[in-house]
Amino acid sequence: MIDRRTLLAMAAAACASPLFGRAEEDRAGLVDPFIGTDGTGHTFPGPSRPFGMIQPGPDNAASGWDFTSGYQYRAPRILGFSQNRASGTGIPELGDVLLQPGIERREDLSSTYAKASEIARPGYYAVTLADNGVRVELTSTLRSAFHRYRFARGGRVWLLVDLQHGLTFRTDRQPVQSVGNSFSANAFEGEAVRQNWTSRHVAWSVQFDQAIAAVETLPPRAGDAAPRYLLGFDLGADAVLKARIGLSTTDRDGARRNRDERGGWDFDAVTAESRSEWNTLLGRVRIEAPQEQQHIFATALYHLFLHPSVVSDVDGRWRGPDGSVRQAAKGLRYSTLSLWDSFRAANPLYTLLVPERVDDFVNTLLDHCDVAGRLPKWPIWGGETGTMIGEPALPVIADAWAKGFRGFDGRRALGAMVATSTRDAGPLYPGDDSLSVWSLYDRYGYYPVDLVRGEAVSRSLEAGIGDAATARMAAMLGKPAMARRFATRAGGWRMLIDPETRLARGRDSKGQWRAPFDPLVPTSPLNNPGDYTEANAWQYTWTPALHDVYGLIAAWGGKAGLKAMLDRFFFGLPATKGAEFLGQEAMIGQYAHGNEPSHHIAWLYAFTDTPEVGHRLIARIAHDFYRASPAGILGNEDAGQMSAWYVFAALGFYPVDPSSGTYVAAVPLVDRATIAVPGHHALVIERRGAGDRLKALRLRGHAVSPTRMPHGALAAGGRLVFET
């Protein structure tokens with residue numbers, strides 16, 4: 001075991017590296033990757049390139065809801081360093097090819113570590129393993145991980161290679177259906193088929209800058225289906241070992257090419273390149289704000305740009321949801337698409353901040369539909385998980401077309417949208433007996449509670465979001481009859497508004513209301529029977545506003561009715577307690593910012609005569625539920641959605657109707673912001689006055705409706721002035 005004095009010296013030497021400038025020197029220096037790593041944020045501190053395929057990092061555990069990214073800030077031990085993961089999700093996945101170095105030969109090389117030795121910056125992570133006598137440093141390219149190990153001494157050192165390791169939820173070991181691995185003088189390669197959240201194929205190619213001196217196969221543990229090895233290396237006086245790791249969804253050749261996409265062994269140069277790339281991207285949005293808010297905002301942008309993750313190899317190949325290897329016609333293909341979360345704000349924000357990626361995002365969805373027969377719901381590593389409800393790819397596509405993106409075939413897109421909205425679930429989605437059984441939905445106009453397994457109300461309301469998006473797409477492409485068909489079906493939510501409670505309530509196949517009915521009890525697949533998805537009746541009743549806000553206002557008797565419902569929701573009802581796993585956290589009354597169904601609700605005050613109430617609530621949510629600390633995200637980050645909400649709030653507008661190409665205004669949380677995307681005119685946002693009510697909104701000197709700000713006008717740049 002290494003002594004404490006040596007540990008501190010190693011950490012100090014790393015901290016003194018010229019790679020780490022002061023926070024005010026660049027935008028990347030404002031980011032704190034530890035934000036959201038403590039509690040339910042489920043983020044991770046490891047390095048990544050923007051939208052990176054590879055995201056290496058420390059794993060404190062291999063299973064459990066707390067470790068969906070592999071990491072928890074206060075966990076005392078590190079098992080090792082795996083090469084891929086998802087940021088902020090509620091289900092663990094990936095965690096492939098775990099490596100763990102040490103100076104002693106032990107089968108268990110897990111280690112304690114001092115928090116003071118841990119560093120995380122965009123493009124770089126480092127920690128000193130106290131029990132193993134080694135300083136671990138990680139960086140990455142787009143498709144490969146780069147490790148550097150500084151051992152406390154030279155001579156024979158060891159590296160655990162754990163191919164069984166993977167992040168899983170319900171079991172101690174991630175199931176492995178097949179696996180193969182082979183060694184050469186200074187490398188090993190292999191591939192496996194794994195079954196966890198989805199069935200996925202992963203190939204790897206790992207190369208070292210030193211020859212492998214010994215290979216020992218460790219005896220399998222109970223539940224293991226893949227091998228573990230101890231590799232020995234004989235190091236010189238510098239006691240440094242480097243490893244480059246490529247992964248692929250395709251095969252070993254793909255993993256090898258991904259590993260070598262940058263080439264060379266200059267770890268510091270790769271780290272500097274990553275930081276430079278992050279600095280350029282984060283510099284697209286600048287705000288004038290106090291230092292703490294700068295950290296929160298920059299980190300929110302950073303988290304936003306981690307996903308979706310590139311899934312296509314250097315040569316454009318990728319493995320689709322049917323298991324076949326495909327070739328991207330052009331551009332990149334992506335996965336880790338948390339669509340039920342991201343369609344609400346993250347995807348609309350991508351259209352504003354990274355428009356050059358939007359066409360490839362959509363083409364990814366369409367390619368998926370080509371082989372699956374329907375658009376995806378929640379794909380990761382190229383495979384479909386079938387997770388969550390509704391058809392959240394539909395508003396993503398319609399929103400892109402409404403905003404003028406034309407790098408994908410509109411007719412092909414509409415065909416995919418119609419197929420997804422009319423065909424019952426196919427064989428790629430076993431066990432889903434309600435979401436896409438359109439024959440059942442069309443018969444009743446909603447999902448009856450006695451004919452589906454659960455979440456009937458939420459599924460019905462989310463179906464309306466997709467139908468409205470398909471109707472809009474059809475109208476934009478000159479298909480009026482098709483547009484009318486889906487627009488009519490999108491109005492089915494009215495059949496579930498109970499006139500007695502004015503809330504969305506379950507009905508059976510005979511039209512009878514669900515009884516007994518408690519609108520404050522949240523339900524989900526984890527505690528069904530229940531009619532709502534990670535929410536309750538009060539929280540899900542606001543869903544129609546995502547596509548038909550004026551219809552919902554009319555159903556409640558106009559602006560006064562909307563205000564009365566909003567006031568009761570935020571100020572007249574108790575907060576739900578003891579259901580954090582359902583997203584019932586970060587509560588204001590029944591508003592639960594810890595989960596996505598609530599995210600648009602405070603913005604609806606813009607449609608009342610007291611918009612300032614919403615402005616104050618938005619500011620309160622941003623202040624209370626986002627902090628510059630490890631516990632600074634209350635609720636799963638969900639691959640960028642929680643962060644997207646904060647970015648929009650800071651800028652002063654939000655996509656309440658996320659397939660319309662428009663935004664709803666509030667009051668910016670900063671005095672000034674500038675959005676400068678290469679190839680586009682800069683948008684300068686100014687808040688004038690110290691009031692809490694928006695009095696006027698002007699873009700390039702012209703008045704703009706605060707409830708229907710057009711994306712095209714914002715993307716054209718100029719000065720957007722909020723007068724308060």
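The values are calculated or read from the model by the stated rules, or taken from the named source; none is laboratory data. Treat the numbers as computed from the prediction; the structure is a model and nothing was measured. In this analysis, Cβ positions are derived from the backbone assuming ideal geometry, glycine residues included, and neighbour counts consider all displayed protein chains.
Which is at negative phi, touching a strand residue (DSSP E or B) at 6+ places or on another chain (Cβ under 8 Å) and not basic (Lys, Arg), of 211, 272, 239? Every option except 211 fails the conditions. Quick check: is even one residue across region 257-267 touching a residue at least 40 places away in the same chain (Cβ under 8 Å) and surrounded by 23 or more Cβ atoms within 10 Å (Cβ to Cβ)? Looking through region 257-267, at least one residue is touching a residue at least 40 places away in the same chain (Cβ under 8 Å) and surrounded by 23 or more Cβ atoms within 10 Å (Cβ to Cβ). Within region 262-277, is there a residue that is β-branched (Val, Ile, Thr) and either at pLDDT below 95 or more than 18 Å from the chain's Cα centre (by Cα) (or both)? The answer is yes; a qualifying residue exists.
Starting from residues that are in contact with an Asp or Glu (Cβ under 7 Å, 6 or more places away or on another chain), among the small types (Gly, Ala, Ser) and in a loop (DSSP other than H, G, I, E, B), keep the ones in region 76-92 and report whichever is farthest from residue 595 (Cα to Cα). Looking at residues that are in contact with an Asp or Glu (Cβ under 7 Å, 6 or more places away or on another chain), among the small types (Gly, Ala, Ser) and in a loop (DSSP other than H, G, I, E, B), I get 86. With respect to the conditions (1) closer than 28 Å to residue 715 by Cα; (2) of a type in the set (A, V, I, L, M, F, W, C); (3) in contact with a strand residue (DSSP E or B) (Cβ under 8 Å, 6 or more places away or on another chain); (4) buried (at least 24 other Cβ atoms within 10 Å of the Cβ), residue 381 falls short on a single one, namely (1).
Against the numbered list (1) outside any loop (DSSP other than H, G, I, E, B); (2) of a type outside the set (Asp, Glu); (3) under 22 Å from the mean Cα position of the chain (by Cα), residue 73 comes up short only at (1). If the condition is being in a helix (DSSP H, G or I), in contact with a Phe, Trp or Tyr (Cβ under 6 Å, 6 or more places away or on another chain) and farther than 15 Å from residue 137 by Cβ, then region 230-280 contributes only 255. Here residue 420 meets each of (1) more than 18 Å from the chain's Cα centre (by Cα); (2) within 17 Å of residue 329 (Cβ to Cβ); (3) β-branched (Val, Ile, Thr) with one exception, condition (2). Given the structure, is residue 440 touching a helix residue (DSSP H, G or I) at 6+ places or on another chain (Cβ under 6 Å) and at pLDDT below 95? In short, no.
Of all residues in region 181-194, those that are small (Gly, Ala, Ser) have Cβ atoms under 6 Å from Cβ atoms of residues that are surrounded by fewer than 17 Cβ atoms within 10 Å (Cβ to Cβ) and not in a loop (DSSP other than H, G, I, E, B), 6 or more apart or on another chain, in 190/180; 192/179.
Exactly one residue out of 276, 324, 342 is among the hydroxyl-bearing types (Ser, Thr, Tyr) and either touching a Lys or Arg at 6+ places or on another chain (Cβ under 6 Å) or buried (at least 17 other Cβ atoms within 10 Å of the Cβ) (or both), and it is 342. Taken over region 181-202, the criterion of being in contact with a helix residue (DSSP H, G or I) (Cβ under 9 Å, 6 or more places away or on another chain), over 23 Å from residue 101 (Cβ atoms) and either part of a loop (DSSP other than H, G, I, E, B) or not charged (D, E, K, R) (or both) is satisfied by no residue. The condition of being outside any strand (DSSP E or B), of a type in the set (D, E, K, R) and in the same structural domain as residue 136 (by TED's automatic domain parsing) holds for only one of 156, 221, that being 221. Considering only residues that are in a loop (DSSP other than H, G, I, E, B), touching a residue at least 60 places away in the same chain (Cβ under 8 Å) and of a type outside the set (Phe, Trp, Tyr), which ones fall in region 355-385? Hits for region 355-385 are 374, 382, 385. Selection of region 690-723 for residues being modelled with pLDDT of 95 or more, farther than 20 Å from residue 676 by Cα and more than 34 Å from the chain's Cα centre (by Cα) yields 695, 696, 702, 703. Among the residues of region 281-308, the ones that are of a type in the set (A, V, I, L, M, F, W, C) and assigned to a helix (DSSP H, G or I) come to 8 in all. Exactly one residue among 478, 492, 454 is modelled with pLDDT of 95 or more, assigned to a loop (DSSP other than H, G, I, E, B) and either of a type outside the set (A, V, I, L, M) or under 21 Å from residue 409 (Cβ atoms) (or both), and that residue is 478. Of all residues in region 499-547, those being over 17 Å from residue 459 (Cβ atoms) and either in a helix (DSSP H, G or I) or in contact with a His (Cβ under 9 Å, 6 or more places away or on another chain) (or both) number 2. For region 340-358, indicate whether the set of residues that are within 16 Å of the chain's Cα centre (by Cα), modelled with pLDDT of 95 or more and acidic (Asp, Glu) is non-empty. Checked against the condition, which is being within 16 Å of the chain's Cα centre (by Cα), modelled with pLDDT of 95 or more and acidic (Asp, Glu), region 340-358 yields at least one hit. Across region 617-638, the number of residues qualifying as over 13 Å from residue 40 (Cα atoms) and either among the aliphatic types (A, V, I, L, M) or part of a helix (DSSP H, G or I) (or both) comes to 9. Filter region 45-70 for residues that are assigned to a loop (DSSP other than H, G, I, E, B), over 14 Å from the mean Cα position of the chain (by Cα) and surrounded by 23 or more Cβ atoms within 10 Å (Cβ to Cβ) and give the result. Correct list: 45, 46, 47, 49, 54, 56, 62, 70.
Restricted to region 569-595, and to residues there that are closer than 19 Å to residue 344 by Cα and of a type in the set (Gly, Ala, Ser), the residue that is nearest to the chain's Cα centre (by Cα) is 594. Among 275, 256, which is the only one that is among the charged types (D, E, K, R), touching a helix residue (DSSP H, G or I) at 6+ places or on another chain (Cβ under 6 Å) and outside the structural domain of residue 339 (by TED's automatic domain parsing)? The unique qualifying residue is 275. Tell me which of these residue 641 doesn't satisfy, since it passes every other one: (1) part of a loop (DSSP other than H, G, I, E, B); (2) in contact with a His (Cβ under 8 Å, 6 or more places away or on another chain); (3) not basic (Lys, Arg). For residue 641, the exception is condition (1).
Quick check: is even one residue across region 309-319 crowded, with 18+ Cβ neighbours inside 10 Å, assigned to a loop (DSSP other than H, G, I, E, B), out of contact with any Phe, Trp or Tyr (no Cβ under 8 Å at 6 or more places or on another chain) and acidic (Asp, Glu)? Among the residues of region 309-319, at least one is crowded, with 18+ Cβ neighbours inside 10 Å, assigned to a loop (DSSP other than H, G, I, E, B), out of contact with any Phe, Trp or Tyr (no Cβ under 8 Å at 6 or more places or on another chain) and acidic (Asp, Glu), which makes the answer yes.
Between 535, 515, 487, 483, which is among the aliphatic types (A, V, I, L, M), assigned by TED's automatic domain parsing to the domain that holds residue 557 and within 29 Å of the chain's Cα centre (by Cα)? Going through 535, 515, 487, 483 in turn, the sole match is 535. With the condition kept exactly as written, say whether any residue in region 324-336 is in a helix (DSSP H, G or I) and either hydroxyl-bearing (Ser, Thr, Tyr) or in contact with an Asp or Glu (Cβ under 6 Å, 6 or more places away or on another chain) (or both). No; the residues of region 324-336 include none that is in a helix (DSSP H, G or I) and either hydroxyl-bearing (Ser, Thr, Tyr) or in contact with an Asp or Glu (Cβ under 6 Å, 6 or more places away or on another chain) (or both). If you check 77, 135, 85, 173 for being within 15 Å of residue 59 (Cβ to Cβ) and buried (at least 23 other Cβ atoms within 10 Å of the Cβ), only one passes: 85.
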